[in-house]
Amino acid sequence: MTGTGRLLRLVLRRDRWIMPLWIFGFGILPYVYIAGFETLFATAQERVDYARVSAANTGFIALYGPLHGDSLGELAVWRGGFVPLMIGLAALLTVVRHTRADEESGRTELVRATVVGRYAQLAAALIATAGASLLMGLVVAGTMIGAGQPVAGSIALGVVFMLSGWMFAGVGAIAAQLTSSARSARTLGVVALGVSFVLRLGGDVSDDREFLAWLSPIGWVHRVFPYGENNGGPAVLALVFAIVTVGVSAYLLAHRDMGAGLLASRLGPATAAASLGSPLALAWRLHRGLLFGWTAGFAALGLVFGGVGSSVVQLAADSGGVDEVFSRIGGSGAVTDAYFATTAAVCGLIAACYAVQAALRMRDEEQSGHAEAVLSTSVGRFTWGASHLIFALLGPAVALLAQGLLAGVVHGTVGPVLAASLAQLPAVWVLAGVTMLLVGTWPKMASLAWGAIAACVLLLLVGSLLEFDQWVLDLSPFTHVPHLPGGTFTPLPLVLLTAVAAAFGGVGLLALRRRDVPR
Amino acid sequence: MTEAIDVEGLVKRFGAVTALDQLDLRVRTGEVHGFLGPNGAGKTTTIRVLLGLMRADGGTARLLGGDPWADATALHRRLAYVPGDVTFWPQLTGGEVIDLLGRLRGGLDPKRRDALIERFELDPRKKGRTYSKGNRQKVALVAALSSDVELLVLDEPTSGLDPLMEEVFREVILEEKRRGDRTVLLSSHILSEVEALCDRLTIIRAGRAVETGTLADLRHLTRTTIRAELTGPVNGLASITGVHGLTSEDGRVAFDVDADALEPALKTLVAAGVRSLISQPPSLEELFLRHYTKSEK
Ligand SMILES: Nc1ncnc2c1ncn2[C@@H]1O[C@H](COP(=O)(O)OP(=O)(O)OP(=O)(O)O)[C@@H](O)[C@H]1O
Ligand SMILES: [Mg+2]
């Protein structure tokens with residue numbers, strides 16, 4: 001552990017911009033929901049009605065988690081049901097970035113050769129992430145108490161946020177030990193996150209399978225019910241999980257060599273297959289893992305969302321009082337439509353993450369020196385860039401197709417559900433185009449594309465609630481996607497979005513031809 | 001076309017840093033040209049400009065008779081490049097990388113490829129990440145050398161190779177040289193390698209060529225060390241311009257002498273009567289050290 005202090009400072013320095021962003025971004029989100037709901041509901045009765053409808057709507061439960069009460073605090077916590085997932089993601093990416101990614105790039109070797117203990121790097125990454133999560137928890141508790149919410153509930157919510165970070169910091173630490181590349185470590189971590197979400201969802205939507213949610217760290221987080229029951233049990237479980245994962249990662253670290261993972265690599269072919277001889281073939285080899293992984297994930301989402309969709313209507317029919325509320329907003333058909341429109345929007349945003357990730361591969365290739373090797377052969381910049389961009393455009397299309405198709409088949413109405421998913425594509429392409437534009441014109445800042453996605457997510461989560469001006473909402477391409485199923489379909493916005501995406505992508509590719517590589 | 005590479009007054013800036021400052025470089029067709037300079041002198045940058053990866057801010061560059069920026073893809077069919085910092089895709093094996101790069105370049109000779117893999121004792125079945133530094137370098141070398149091209153651009157191609165493999169590399173380059181029609185631009189920090197392989201060389205410092213010519217030309221520019229035992233007293237040696245660091249003791253003298261002052265210095269010694277004489281030609285190391293450490297301008 002010698003040298004942990006110095007490495008910790010290094011971690012904090014490298015993350016001095018990004019860390020405050022997620023600490024405060026997630027930290028003030030519950031407060032934002034409180035503020036939004038306060039203006040949304042004119043009377044307490046309206047709020048109670050809203051809570052009653054929501055608590056009985058399986059679709060909402062699937063997306064946001066279970067809802068037990070109708071107080072302002074409980075509603076805010078419930079609507080922020082995605083936030084623990086996002087905190088988990090931030091935490092695990094931070095840990096991987098400062099452990100496996102460094103080790104892969106050889107920086108660790110430099111550091112470990114100095115007077116630094118074996119565990120120092122892992123310890124520094126974990127302490128930084130745990131500290132950031134703690135700070136985020138304090139921000140949550142502070143802002144919520146400041147907003148006049150009950151003290152016990154606010155502290156419980158702060159603890160929930162903090163533990164979400166701690167648990168997935170541990171998961172990230174284990175993933176970093178198991179794999180030998182940062183990319184596979186991230187993938188493993190995200191898969192763990194996805195599995196926890198799906199288990200949670202599966203357990204929450206049906207009473208006789210609730211045990212599923214108890215198998216999931218995300219499920220525990222939802223079972224604390226801040227401002228309601230303020231359960232300590234699930235929180236203790238989460239804390240134990242965090243401690244165990246960290247312990248396991250330290251054990252794994254002690255039992256492997258530097259640079260190696262525990263999942264060993266195998267030998268491959270001595271010559272290239274005849275097909276591996278073009279930039280596109282190379283791009284296929286580099287992107288296919290991503291494509292298969294994302295498509296499998298989207299297929300799973302499709303099955304889950306489709307399966308849950310069928311019970312939305314059933315549940316509505318079962319509970320008489322709720323039915324009346326439903327009919328006020330357009331009948332049970334409208335509820336199903338709203339549900340599938342929401343899931344499609346969520347899938348669209350996730351697909352945009354895939355698009356950005358795939359387009360940023362180009363930047364990885366440039367920074368690792370691989371691009372230099374390819375561009376010194378008779379492959380031109382345009383061809384090279386396009387060979388990657390095509391996967392950023394078609395990959396999300398395949399993923400959304402899989403999701404929409406499976407959701408539709410499971411639900412029993414393929415057309416409208418599939419159309420809702422595919423309608424997201426032009427907006428997804430805009431983000432791929434933005435990424436290409438950045439890679440071409442401002443490569444050092446290419447990862448700003450993630451910021452663009454974060455902005456879209458934020459606008460979707462709180463934009464309408466906080467009654468932002470329309471022009472602000474219009475900045476997100478997802479604002480322009482027709483509300484399907486249920487809404488009226490107009491092709492014009494989709495055509496325009498596609499044109500914008502094409503313009504961004506085209507300018508990016510042309511700019512790539514004119515600049516230095518690597519830059 | 002007798003010049004494979006013709007660079008004149010090349011300027012390249014990175015923000016405030018001027019990496020290349022009026023650089024001149026001429027490489028004749030069929031020669032092995034050494035490209036030397038201290039770290040950060042601008043070797044890699046020059047090579048990237050020559051490959052059309054970077055655009056120059058000033059000066060002219062011609063490569064195989066074409067414009068390296070505008071005609072990049074066409075020119076790249078006729079050359080092969082070993083980058084200074086070699087890393088390959090973790091998903092691909094060494095063998096796949098060799099074949100892929102060869103095909104992207106426009107084709108490779110499978111027989112030559114196999115022969116090179118054998119000579120470099122490379123296991124082509126390993127995946128990118130699992131190669132050691134030296135073995136990654138071998139993959140890059142085999143990939144470049146397997147194609148039948150006019151020009152090889154090698155940026156520190158032997159960094160990380162063990163002495164045995166370094167020897168194999170030299171043999172291969174000497175074979176290429178014997179064919180007479182392949183041009184090689186070899187950036188290197190290994191002086192014995194440059195001495196063994198290069199016909200001519202260019203030394204750059206701070207983005208400028210400070211010396212260019214054959215090894216013999218360059219040697220000529222430097223000092224020979226003379227040690228002599230004399231039978232009688234010697235006069236006037238110190239006053240010859242070009243004699244440096246003279247020491248004398250009990251009839252033994254030692255000094256360094258510039259090439260043009262060699263004759264008068266020797267005449268003076270002979271006049272005094274020589275019992276024994278040792279003359280040491282300038283070592284390459286000294287030559288470089290002088291160029292590398294010379295103060296600005
Ligand atoms: N992409 C870049 N951005 C900014 N500065 C750069 C860039 N590439 C090179 N430089 C700078 O240009 C100068 C020349 O670098 P270059 O890599 O060409 O040196 P070199 O002669 O190859 O050195 P070495 O022997 O260490 O390989 C250095 O000062 C370097 O810092
Ligand atoms: Mg270099």
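The values are calculated or read from the model by the stated rules, or taken from the named source; none is laboratory data. Being a predicted model, the structure only gives us computed values, none of them experimental. Glycine gets a Cβ as well: all are built from the backbone with ideal geometry, and neighbour counts include every protein chain shown.
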For this session: Please specify each residue of the range B:6-53 satisfying the condition of being in a loop (DSSP other than H, G, I, E, B), more than 12 Å from ligand 1 (Cβ to nearest atom) and at negative phi.
Result: B:Thr29, B:Glu31, B:Leu51
Problem set entry | B:Gly207 being assigned by TED's automatic domain parsing to the domain that holds B:Leu20, touching a Ser or Thr at 6+ places or on another chain (Cβ under 9 Å), among the small types (Gly, Ala, Ser) and away from ligand 1 (no atom under 14 Å from the Cβ) | no
Exercise. Looking at this structure, is B:Thr158 within 16 Å of ligand 2 (Cβ to nearest atom) and either assigned to a strand (DSSP E or B) or more than 14 Å from chain A (Cβ to nearest Cβ) (or both)?
Worked result: yes
Seminar exercise, completed: In the range B:129-143, residues that are under 16 Å from B:Glu193 (Cβ atoms) and within 16 Å of ligand 2 (Cβ to nearest atom) total 1
For this session: Starting from the range A:353-369, keep only residues that are within 14 Å of chain B (Cβ to nearest Cβ), then list their pairs with residues that are crowded, with 20+ Cβ neighbours inside 10 Å and outside any loop (DSSP other than H, G, I, E, B) whose Cβ atoms are within a distance under 6 Å, requiring at least 6 positions of separation or different chains.
Result: A:Arg361/A:His388; A:Met362/A:His388; A:Met362/A:Val439; A:Glu365/A:Ala371
For this session: Take A:Gly415 and decide whether it is more than 29 Å from A:Ile34 (Cα to Cα) and modelled with pLDDT under 95.
Result: yes
Exercise. Can you find a residue in the range B:57-75 that is assigned to a loop (DSSP other than H, G, I, E, B), over 30 Å from A:Leu267 (Cα atoms) and within 13 Å of ligand 1 (Cβ to nearest atom)?
Worked result: yes
Exercise. What do you reckon, is B:Arg170 away from ligand 2 (no atom under 16 Å from the Cβ) and touching a residue at least 24 places away in the same chain (Cβ under 8 Å)?
Worked result: yes
Seminar exercise, completed: Over the range B:241-263, the set of residues farther than 15 Å from B:Pro282 by Cβ, surrounded by fewer than 17 Cβ atoms within 10 Å (Cβ to Cβ) and not small (Gly, Ala, Ser) is B:Thr241, B:Leu246, B:Thr247, B:Glu249, B:Asp250, B:Arg252, B:Glu263
For this session: Scan the range B:160-178 for residues that are basic (Lys, Arg) and either at pLDDT below 95 or on the phi > 0 side of the Ramachandran plot (or both) and report the count.
Result: 2
Exercise. Of all the residues that make up the range B:52-69, how many are without any contact (Cβ under 8 Å) to a residue 40 or more places away in the chain, under 20 Å from B:Asp21 (Cβ atoms) and of a type outside the set (A, V, I, L, M, F, W, C)?
Worked result: 2
Exercise. Which helices (runs of 4 or more DSSP H) sit wholly inside the range B:190-297 and have at least 1 residues that are closer than 30 Å to B:Leu20 by Cα?
Worked result: B:191-197, B:215-220, B:284-293
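Each row is one residue, and each column tells you yes or no for (1) assigned to a helix (DSSP H, G or I); (2) more than 14 Å from chain B (Cβ to nearest Cβ); (3) of a type in the set (A, V, I, L, M, F, W, C); (4) over 20 Å from A:Gly228 (Cα atoms).
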| position | (1), (2), (3), (4) |
| --- | --- |
| A:Leu134 | yes, yes, yes, yes |
| A:Leu138 | yes, yes, yes, no |
| A:Gly142 | yes, yes, no, no |
| A:Gln149 | no, yes, no, no |
| A:Ile155 | yes, yes, yes, no |
| A:Met162 | yes, yes, yes, no |
| A:Ala173 | yes, yes, yes, yes |
| A:Ala176 | yes, yes, yes, yes |
For this session: Give the range B:77-113 a look and list any residue that's within 8 Å of chain A (Cβ to nearest Cβ) and in a loop (DSSP other than H, G, I, E, B), or say none.
Result: B:Arg77, B:Pro83, B:Asp85, B:Val86, B:Thr87, B:Phe88, B:Trp89, B:Pro90, B:Gln91, B:Leu92, B:Gly106
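Residue-by-condition table, conditions (1) closer than 24 Å to B:Leu108 by Cβ; (2) buried (at least 23 other Cβ atoms within 10 Å of the Cβ); (3) away from ligand 2 (no atom under 16 Å from the Cβ); (4) modelled with pLDDT of 95 or more:
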site: B:Val11; (1), (2), (3), (4): no, no, yes, yes
site: B:Val32; (1), (2), (3), (4): yes, yes, yes, yes
site: B:Pro38; (1), (2), (3), (4): no, no, no, no
site: B:Val49; (1), (2), (3), (4): no, yes, no, yes
site: B:Asp67; (1), (2), (3), (4): no, no, yes, yes
site: B:Ala80; (1), (2), (3), (4): yes, yes, yes, yes
site: B:Val86; (1), (2), (3), (4): yes, yes, no, no
site: B:Pro90; (1), (2), (3), (4): yes, no, yes, no
Seminar exercise, completed: Quick count over the range A:488-518, residues being touching a helix residue (DSSP H, G or I) at 6+ places or on another chain (Cβ under 7 Å), surrounded by fewer than 19 Cβ atoms within 10 Å (Cβ to Cβ) and over 30 Å from A:Glu372 (Cβ atoms), is 3
Problem set entry | The listed residue being buried (at least 20 other Cβ atoms within 10 Å of the Cβ) and aliphatic (A, V, I, L, M), out of B:Ala206, B:Ala196, B:Ala143, B:Ala216 | B:Ala143
Problem set entry | Number of the exception - B:Lys133 against (1) facing another protein chain (nearest Cβ under 9 Å); (2) charged (D, E, K, R); (3) touching a Gly at 6+ places or on another chain (Cβ under 7 Å) | (1)
For this session: Could you tell me whether any residue of the range A:110-122 is at pLDDT 95 or above and part of a helix (DSSP H, G or I)?
Result: no
For this session: Would you please list the contacts, defined by Cβ atoms under 8 Å and residues six or more apart or on different chains, that run from a residue in the range B:1-12 that is more than 18 Å from B:Val153 (Cβ to Cβ) to a residue that is surrounded by 14 or more Cβ atoms within 10 Å (Cβ to Cβ) and of a type in the set (Asp, Glu)?
Result: B:Glu8/B:Asp24; B:Gly9/B:Asp24; B:Val11/B:Asp21; B:Val11/B:Asp57
Exercise. Scanning for something at pLDDT 95 or above and touching a Ser or Thr at 6+ places or on another chain (Cβ under 9 Å), does the range A:495-504 turn up at least one residue?
Worked result: yes
For this session: Determine, yes or no, whether A:Leu75 is at pLDDT 90 or above and not aromatic (Phe, Trp, Tyr).
Result: yes
Exercise. Out of curiosity, is A:Gly506 closer than 24 Å to A:Met362 by Cβ and either of a type in the set (Gly, Ala, Ser) or within 14 Å of chain B (Cβ to nearest Cβ) (or both)?
Worked result: yes
Seminar exercise, completed: Of the conditions (1) at pLDDT 95 or above; (2) within 16 Å of ligand 2 (Cβ to nearest atom); (3) surrounded by fewer than 23 Cβ atoms within 10 Å (Cβ to Cβ), the single one that B:Arg62 does not satisfy is (2)
Exercise. Given the structure, is B:Lys43 within 13 Å of ligand 2 (Cβ to nearest atom), modelled with pLDDT of 95 or more and charged (D, E, K, R)?
Worked result: yes
Exercise. If only one of A:Leu193, A:Leu253, A:Leu199 is more than 23 Å from A:Trp294 (Cα to Cα), of a type outside the set (S, T, N, Q) and in contact (Cβ under 8 Å) with a residue 12 or more places away in the chain, which one is it?
Worked result: A:Leu253
Exercise. Restricting the range B:114-128 to residues that are assigned to a loop (DSSP other than H, G, I, E, B) and either in contact with a Gly (Cβ under 6 Å, 6 or more places away or on another chain) or within 7 Å of chain A (Cβ to nearest Cβ) (or both), which is farthest from ligand 2 (Cβ to nearest atom)?
Worked result: B:Arg125
